[in-house]
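Read through the structure below, which is laid out as structure tokens, and then see the notes.
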Amino acid sequence: MRLKTRILLCACTLIAVAVTVCCTLILGIVREQMHSDAAEKAEEAFIEARRTISSVDLDADVIDTYMIYKVHDVDSSDAFTLSRDGNYLINNVGFSPDSYMNINEDYRESNQVFVRVFGKNVLLTGEYVYCSNQRFRLTMVTDLSGIDRDMRALAWKCAGVGAAVTALFFLLTYFLLSASLRPVKKLQSVARRIAGGDYHARIAVKNRDEIGLLAEDFNTMADAVEQSIAELKEQNARKQQFINDLSHEMKTPVTSLLLNSETLTTRTVSDEDRQRALLRINEQAKWIERLSQKLMQLVMLQGSIELVSSPVRPLLDAAKETVADSLARAQISLIVSCEDRSIQMDFDLLRSALVNLIENAIKASDPQSTIELIGADNQIIVCDHGRGIPKEEIERITEPFYMVDRSRSKKLGGSGLGLALVKQIVDAHHAELRIESEVGVGTSIFIRFSDAKR
Amino acid sequence: MKQKILPIIMVAVLLLTACQPTPDRDIIVQKDTERLVETVELKNANEDVSIEPADMPDNPLVKMDERYTFDFVNDNGRLHIHADADVYVPETGKAPMTRVKGEYFTDAFAKKMFDKIYQGTTAYIVSNESRPATKAELAELIAYYQELVDTGRTEDKMMDEEEAIECINEWKEEYKTAPDEAEEIQPVVSDGTMQLMDSTDDDPAAVFKHVQYYELRTSGERGQLEIRRPAETDLSFQDYLDYHRDPPDKWIGYSESSNTPREIDLDKPFDSHVCSKEDRTCAYGQSMSPYDATELCRSFLAELDVTDVEPVSSIDAYVTKNADGSVDDCIYFIDFVRTVYGMPVAYLTQCESYMFEEVEIPWDYETIRFLVDSKGINSLNWHYPVQVTKLISSDAAVLTLEQAANIFENMSVIIYDAQTDHNDRPVYIDVLISRVELSLVRVREKNEQGRTGLYIPAWVFYGKKVSNYREPVTQEMIDEQMTGVVLAVNAIDGSIIDLGHGY
């Protein structure tokens, strides 16, 4: 059952019950009041009638005649009964009121009782009357059919009013609910649109009630979802690009491996050619190995790393030591300077990043040049005086497989993953990587840490 | 859960069903008249009420040897009760009791009456329709009423200016289609058949707005006859019969200023006398004796097969005189009462008519009144007839005269003593009892929506009540007289019969 229907039914049931209870109470009160008024009037009429019956001293033969005469002389005498010793002298009401009343003999006051006789409600007002030492029982019968009729009419009116109130309440509630739930419908509609792919859909928030706050939260959620979707799309795109690039990158060495191995297995070649082919195979295999190692590192860096506070100086020294052979071969010198600082780091990863940066600097620099490795403030800087990077390329060089000069990089054994790896490592350290470069002057790469301490 | 709820609901329903209101006790008590009937039936348990009574006596009442006397003066001297009366009892020595209902004038009776009155002459139906007014008549009316309006004298016609103007406008409208010449309505010959009439009263204050009745209303050279009875159970209407020998302009009317309804209004001097129905003399020079006049009426009724009637003992005679003092005519007031199984019904002339606001269903006492003059029966007014429906007892056990007298002596003092002080004004009352009679009185059944009741034996004390008091504003001494029934004692149970209410 829908929420609106449930609320409507519950509300209308409640109001109907409330109206019924109220009407019943009111009718009960009115009925009591009417009975009370009738009893009061009957009491007054009875007392008035009683007053006309004065006590006289008469013979026993005449006393009945006297009493009958006096009662007949009363207004509305039809309503009175008169009896003595259980025998009625006057009774035109059709039943025996004496049977319904136990008049208190100790008190000379009238008694009243409501009874139901032959399907009608009547009020009996009775009293013992004494005359010439004879005791008579005088009772007045008041027909309350009029009250019953009025009550029935009133009950019908109450029922009518109650039904009208319930119906009106139903209509008002229906419209109020419809108006109140309209924003929910809009919410529903927008949610469907978002689910259908329209991530820009939002709900206009018009007020600050619960629905309004829900709409605000929904919009916030929609923003987050849109952003996540965008990020996921971007990530997906990047992954796809990575895969595309990887495929592309892998294709060349694999092709070379296949070619050379096929040459060796299917043709008769000279020793020189064989040697060259094997050398080529070896180079390509090593290249693929380096590529896969870098890939592995990249994959490993997808998870979180544990950072430990460590001094910077040993890190720089370790990096220098790792690239010593490359420096010697390239005839390039590495100058290390470092302040006495500690940073939160993963020593091996950071060393790997610095090694990548230094090797890139080596590849970019001419022989007899210098590369600086500086640890100052909260930064580690790798600075070379090589050929530099065009400004328009700086933003992209940290993308996987991106190479400024592809042919030259490959020639030097580059895979295009080094700076991507450095970027990943820097990000994992919650640091910032910044590249400054000028073509023909050199390149400086800054790694800024946020928690460097002395 | 549902399995637990269902038994709980069933138990609750059963418990609620058990809480019903206590059924009515079957304690039915008969009404007063029925208890009266039961009392008589019990006492006369072995009586065979199917037997028709023997020959009716000529004089249903006979005078007892014993007279009734009583004297009383109250402490302050304002009440004086004196009785020195003949006592009359049924000649049969029996006191019957019957059930009665109020209806009598059947189609057959009306036809009989018609045939008797008109006897071979032609009588025409008197219609309520009147011929349309001519232009001249309307013009005269319009001019007259317009003058009343202009001079502010519309009250002469008991209407205000607005009503008068409304009438004028209606007549002006009627004038447009009014005939120039008077169009006579051709009279229709009557064959004595009663016609069903329908009457609607537009007066908002009318109690009965729609009345249906049967009517025979005729006029001929033998007089005017009007007989009506209600249709079905239309209780707004009571039977009546009016016959007048002379044309309407010569009808003898009753005096409006009179304290009694028996005083007539004549256009010449007259002497009034009270005669006995047995008087066979013409003591005042009249042409017909009271006895002859009475017998004339009796035979008239006998020809209609109405034999259960008896003239009342005293007759009022109005002897009119010529300018020279010689007797011109004598008009007799002769009232008849019904007799039931040999016992006459009480002569109730002084009972007031029921006012609608006092009694819901009007039921006046039956009156049969003849006016007889030297030419014969001048008029007959027979109103509110009663029909005996069942004999309860042909001889109910009744109180003795002594018992009834005891009740009278005690109750008359109580009743009339209370009347000697009216709004702190002293009233002097003289009650004179001239006749005591054991006769039948009609009592009606209380709270019944119809005209049904009983004829019960009652000791009826006839006489005169005279009240004297000083009118508070003018200080004039007012003298009120009532002649008729002073008190009626139910001879079965000793209760006082309130003739004003009929029970």
For the stretch B:473-503, which residues satisfy the criterion of being within 14 Å of another protein chain (Cβ to nearest Cβ), in a loop (DSSP other than H, G, I, E, B) and aliphatic (A, V, I, L, M)?
B:Ala491, B:Ile492, B:Ile497, B:Leu499
Of all residues in the stretch A:51-69, how many are assigned to a helix (DSSP H, G or I), more than 10 Å from every other protein chain (Cβ to nearest Cβ) and surrounded by 17 or more Cβ atoms within 10 Å (Cβ to Cβ)?
0
Sole exception among (1) within 11 Å of chain B (Cβ to nearest Cβ); (2) closer than 30 Å to B:Glu402 by Cα for A:Asp75, by number:
(2)
Taking the stretch B:283-321, which residues are more than 28 Å from B:Val388 (Cβ to Cβ) and either free of Cβ contacts under 8 Å to residues at least 12 places away in the same chain or part of a strand (DSSP E or B) (or both)?
B:Ala283, B:Ser289, B:Asp316, B:Ala317, B:Tyr318, B:Val319, B:Thr320, B:Lys321
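Among the candidates A:Phe114, A:Phe80, which residue alone is surrounded by 20 or more Cβ atoms within 10 Å (Cβ to Cβ) and among the aromatic types (Phe, Trp, Tyr)?
Values: A:Phe114 fails: surrounded by 20 or more Cβ atoms within 10 Å (Cβ to Cβ).
One residue alone meets the criteria, A:Phe80.
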Filter the stretch B:372-422 down to the residues that are assigned to a loop (DSSP other than H, G, I, E, B) and aliphatic (A, V, I, L, M), then identify the one that is farthest from the other protein chains (Cβ to nearest Cβ).
B:Val386
If A:Phe95 meets every condition in (1) out of contact with any helix residue (DSSP H, G or I) (no Cβ under 8 Å at 6 or more places or on another chain); (2) not assigned by TED's automatic domain parsing to the domain that holds A:Ala60 apart from one, which number is that one?
(2)
What is the one condition in (1) modelled with pLDDT of 75 or more; (2) within 30 Å of B:Asp395 (Cβ to Cβ) that B:Ile51 does not satisfy?
(1)
Single residue of the stretch B:423-465 satisfying the filter (more than 14 Å from chain A (Cβ to nearest Cβ) and assigned to a loop (DSSP other than H, G, I, E, B)) that is surrounded by the most Cβ atoms within 10 Å (Cβ to Cβ):
B:Arg451
Condition (residue is away from chain B (no Cβ under 14 Å), among the aliphatic types (A, V, I, L, M), surrounded by 15 or more Cβ atoms within 10 Å (Cβ to Cβ) and in contact (Cβ under 8 Å) with a residue 12 or more places away in the chain) applied to the stretch A:84-98: is it met by at least one residue?
no
Does B:Gln238 satisfy the criteria of being under 15 Å from B:His383 (Cα atoms), modelled with pLDDT under 85 and of a type outside the set (Asp, Glu)?
yes
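The values are calculated or read from the model by the stated rules, or taken from the named source; none is laboratory data. It should be emphasised that the depicted structure is a prediction, and the values quoted were computed from it without experimental measurement. Backbone-built Cβ (ideal geometry, glycine too); neighbour counts: all protein chains shown.
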